[in-house]
Amino acid sequence: MWPLELKVLLGEAERPSAAAAPRTQPKAGFDDWLAVNGLTRDLVRAQLAAITAPDGSVGPPVPARLGLSAAQAWGLCAGALRAAVPELGTQIGEVEMRAPKCLAPRAGKHPRPFTYDLGGGALPLVSLHYQDRPVDLLAMAHEVGHALQIVASQGRSDGQMPPVARECCAFLAELAILQHLPTRFAALAPAHQADDAIYFGDNARALAEAMTDPRQPYRYAWNYPLARHIAARLFRSESACNLGALYRAGPEGGSYIQHCAAAWHPRGAAA
């Protein structure tokens, strides 16, 4: 039986009314975010400096439909990851064949794509409103990347993967499908670039502001620019960094990203 929270997200149950007003908790800030992710200010500062902000130009129109059913798209996402991270073939197969999913557009379901970790060694559930658009295929790849990270990290009893590393795994899956289907679905590239304008624009500015203003409350969007930039570096890296190791890292995901930064710059400059 699925938890009530998941049923609410899928539009299968009503959210219960609060019996009492929740207690006010201290708001997390930038230093808390660093600690949770196992990152340092130097790494964040260097990675932000290396991000090239989008120029704001509008690319060619993106075709409205790809001609793929949800099942076909799911198989392509799994195949792309299998090509990019062959050492995780068994785990990719489990996600592809057995992971529960809710892919059809449906009123009442949470509007944004999400992957829900059911815990206890169970396969995670993926939800999105698939409508055969380039953005839907990228979103599906992103969520399949999350699902693979959860499955590959199972057995780690010391907690979940921190959000920057978790989003890095999801963005790696997007890059995998871009590489896997460069000509068959050329519309994926401009759709991916359009997302860059958000992640490397507003999200990156918000993270930069948070570094200098301790009053800024934590926003999940802080995780995206760093994760997307690092994923791109990892995907093209010829260093000792291994994609499979990151997917398996669980709560040590932040430490593995620090390790990779050191491998990119052996003298210790985390750029």
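Give, in nm to one decimal, the length gained when the segment between ALA104 and ALA83 is fully stretched (0.36 nm per residue of separation minus the Cα-Cα distance). Before the final figure, lay out each step's value.
Working: separation 21, 0.36 × 21 = 7.56 nm, distance 2.66 nm.
Between ALA104 and ALA83, full extension yields 4.9 nm more.
Roughly how many nanometres apart are two label points built 7 Å out from the Cα toward the Cβ at ASN242 and ASP132?
4.2 nm
What size of dipole, in debye to the nearest 20, comes out for the range 92-243 about its Cα centre when the only charges are +1 on Lys and Arg C-beta atoms and -1 on Asp and Glu C-beta atoms? All intermediate terms of the calculation are to be shown ahead of the outcome.
Numbers: 15 positive and 15 negative charges, 40 e Å.
Dipole magnitude for the range 92-243 comes out near 180 debye.
For ALA46 and SER255, what is the calculated FRET efficiency with R₀ set at 22 Å and r taken between the beta-carbons, to the nearest 0.05?
The calculated FRET efficiency here is 0.85.
In nanometres, what is the gap between the two model label sites at GLU5 and ARG205, each 7 Å from Cα along Cα-to-Cβ?
3.2 nm
Highest mean first, how do 132-145, 73-86, 110-123, 164-177 rank when packing is the count of other Cβ atoms within 10 Å averaged over residues?
The densest-packed peptide leads the list: 164-177, 132-145, 73-86, 110-123.
Farthest toward the dipole's positive end in the range 177-248, which of ALA204, LEU188, ALA245, given Cβ charges of +1 (Lys, Arg) and -1 (Asp, Glu) about the Cα centre?
ALA245
Since every read-out is calculated from the coordinates, none of them should be taken as a lab result. Predicted, not measured: the structure shown is a model, and the values here were computed from it. No Cβ is skipped: glycine too gets one built from the backbone with ideal geometry, and neighbour counts run over all protein chains shown.
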